[in-house]
Amino acid sequence: MARIAGVNIPTNKRVEIALQYIHGIGPRAAKDLLAKVGIEDSRRVNQLTDAEVLQLREAIDRDYTVEGDLRREVSMNIKRLMDLASYRGLRHRKGLPVRGQRTHTNARTRKGPAKPIAGKKK
């Protein structure tokens, strides 16, 4: 099992798909990485040599912010918005949708399960 950026990537999947198990690398970044390192898309992780895995690891470390660093950066950005008390920061603080969605009916993922209100029958 190859370990890249602190993540054990699955061995029997194609390299392009397996790289997406790393937080911060999506389909586009995975394609770009393979092109940069010179690995074909159709190869599987268990077919890679140690040198190729090392090249992938170095390219990711050099060019991308991934895993813990990325999570820390995102959480610091959210914390900054909350400290500034901007509109988006207040929405984060209250646990409501941040990007302008309606909340009168939907938004159950952000708001949690519906809380019944006593005596509200029609």
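The values are calculated or read from the model by the stated rules, or taken from the named source; none is laboratory data. Small disclaimer: the values here were computed from a predicted structure and weren't measured. FYI the Cβ positions are ideal-geometry reconstructions off the backbone, even for glycines, and counts take in every protein chain you see. These accessible areas exclude ligands, DNA and RNA; they are computed on the full protein's heavy atoms, side chains included. Shrake-Rupley method; radii C 1.70, N 1.55, O 1.52, S 1.80 Å.
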*Would you check if there is a residue in the range 37-46 being in contact (Cβ under 8 Å) with a residue 40 or more places away in the chain and over 30 Å from residue 111 (Cβ atoms)?*
yes
_Odd one out for residue 50, checked against (1) closer than 30 Å to residue 3 by Cα; (2) in contact with a helix residue (DSSP H, G or I) (Cβ under 8 Å, 6 or more places away or on another chain)_ = (2)
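From the residues in the range 27-40 that are small (Gly, Ala, Ser) and open to solvent by less than 30 Å² (accessible area, probe 1.4 Å), which one is farthest from residue 54 (Cα to Cα)?
29
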*Quick one: is residue 114 without any contact (Cβ under 8 Å) to a residue 60 or more places away in the chain and more than 21 Å from the chain's Cα centre (by Cα)?*
yes
*asked:* Which numbered condition in (1) without any contact (Cβ under 8 Å) to a residue 12 or more places away in the chain; (2) out of contact with any strand residue (DSSP E or B) (no Cβ under 9 Å at 6 or more places or on another chain); (3) not in a loop (DSSP other than H, G, I, E, B) is the only one that residue 29 fails?
replied: (1)
*Where in the range 41-115 are there helices (runs of 4 or more DSSP H), lying wholly inside it, with at least 3 residues that are at pLDDT 95 or above and surrounded by 14 or more Cβ atoms within 10 Å (Cβ to Cβ)?*
67-84, 87-94
*Can you tell me how many residues in the range 1-20 are open to solvent by 20 Å² or more (accessible area, probe 1.4 Å) and within 15 Å of the chain's Cα centre (by Cα)?*
5
